[in-house]
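*Asks:* Mind looking over this structure? Questions follow.
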Amino acid sequence: MALSESKKLKYCVGCREDFYNGHNPYDIKRCWCLKSAKVVWRKLVHVDDRPPFDHKAQRVLDCYTKSRHICIEPKERW
């Protein structure tokens, strides 16, 4: 079952592109990725962290981006 855009919005919190979900002075109401986005499990790893990456996986949208972070598959440790 696909999530509605309004339910997907809770996974946008912290994303660099959440700016386009009405959090801007330009009257842009929705991020262009939201409609086709899927909820996935990812580990968010800061670029300054050293391997192995034992971070806890979390649910985010497949388009999620966060400043100075990368998203890796849950089973990856590098």
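The values are calculated or read from the model by the stated rules, or taken from the named source; none is laboratory data. Being a predicted model, the structure only gives us computed values, none of them experimental. Positions of Cβ are generated from backbone atoms using ideal geometry, with glycine treated the same way; all protein chains shown enter the neighbour counts.
*Asks:* Just checking, how many residues over region 31-78 are part of a strand (DSSP E or B) and touching a residue at least 24 places away in the same chain (Cβ under 8 Å)? Write out each step before concluding.
*Replies:* Taking region 31-78 and keeping what is part of a strand (DSSP E or B), we get 39-46, 58-61, 69-72.
From the residues that got through so far, the ones that are touching a residue at least 24 places away in the same chain (Cβ under 8 Å) too are 39, 41-45, 59-61, 69-72.
So the answer is 13.
*Asks:* Continuing with this model, one more query. Inside region 29-66, can you point out the residues that are of a type in the set (A, V, I, L, M, F, W, C) and touching a helix residue (DSSP H, G or I) at 6+ places or on another chain (Cβ under 9 Å)? Working first, answer last.
*Replies:* First pass over region 29-66, keeping only residues of a type in the set (A, V, I, L, M, F, W, C): 31-34, 37, 39-41, 44-45, 47, 53, 57, 60-61, 63.
Of everything in region 29-66, those that are of a type in the set (A, V, I, L, M, F, W, C) and touching a helix residue (DSSP H, G or I) at 6+ places or on another chain (Cβ under 9 Å) turn out to be Cys31, Trp32, Cys33, Leu34, Ala37, Val39, Val60, Leu61, Cys63.
*Asks:* Further question: Just to verify a result, which residue in region 45-69, among those that are modelled with pLDDT under 95 and surrounded by 14 or more Cβ atoms within 10 Å (Cβ to Cβ), is nearest to Arg16 (Cα to Cα)?
*Replies:* Among those that are modelled with pLDDT under 95 and surrounded by 14 or more Cβ atoms within 10 Å (Cβ to Cβ), it is His55.
*Asks:* Another question, then. Restricting to region 5-25, count the residues that are closer than 12 Å to Val39 by Cβ and assigned to a loop (DSSP other than H, G, I, E, B). Walk me through how you get there before you give the answer.
*Replies:* Of the residues in region 5-25, the ones closer than 12 Å to Val39 by Cβ are 7-12.
Right, trim to assigned to a loop (DSSP other than H, G, I, E, B) and you get 12.
Matching residues across region 5-25 total 1.
*Asks:* From the set of residues in region 47-78 that are of a type in the set (Lys, Arg) and farther than 19 Å from Leu9 by Cβ, which is nearest to the chain's Cα centre (by Cα)? Spell out the reasoning first.
*Replies:* We begin by selecting, within region 47-78, every residue of a type in the set (Lys, Arg); these are 50, 56, 59, 66, 68, 75, 77.
Narrowing further to those that are farther than 19 Å from Leu9 by Cβ: 50, 56, 68, 75, 77.
Details: Arg50: 21, Lys56: 14, Arg68: 13, Lys75: 18, Arg77: 19 Å.
It comes out as Arg68.
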